1. Are any residues in region 76-128 exposed (fewer than 10 other Cβ atoms within 10 Å of the Cβ), among the hydrophobic types (A, V, I, L, M, F, W, C) and not in a helix (DSSP H, G or I), and if so, which ones?
2. Please go through region 1-58 and give me each residue that is at pLDDT 90 or above and either touching a His at 6+ places or on another chain (Cβ under 8 Å) or small (Gly, Ala, Ser) (or both), ordered by number.
Amino acid sequence: MSTYRDNLARPLPQAEPAPSYQPKKQPNRSPQQKAEAKNKVKWLITVIFCLAVTISLAGRYAHMVSLNYQLENQRGELQAMKDQQLKLEQQVLQMESAERIKSVATNQLGMKQVQDNQMIVVQQGSKN
């Protein structure tokens, strides 16, 4: 183990130069091998394209199924609202009936039915 406590002006030991990069040469291929490689690339591209189309169609089908479920839910809600509207309309008809109004007036409000030949005079400020 050497230490460099002595003169710093001396030259440092030289590292070995890095080997220069030499790309490896491809072995010469025959025309038949080149044709086979091109054919394999064509098949690979075809398979990838078919796979992409299949995935796209499956995604669209899944989206259609999802929309169908939403549509069925909306139809159910619409039917429930129509049923509720029918019940409310029946309730309105019951509340507007003359018999019910007459019953509430006599029983709950204490009003009395007046004969045709009777006349009632109501004075202002009177509570009856």
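1. LEU109, VAL114, MET119, ILE120, VAL121, VAL122
2. ALA35, ALA37, ALA52, SER56, ALA58
The values are calculated or read from the model by the stated rules, or taken from the named source; none is laboratory data. No experiment lies behind these values; they were computed from the predicted model shown. With ideal geometry, Cβ positions are generated from the backbone for all residues, glycine too; neighbour counts draw on all protein chains shown.
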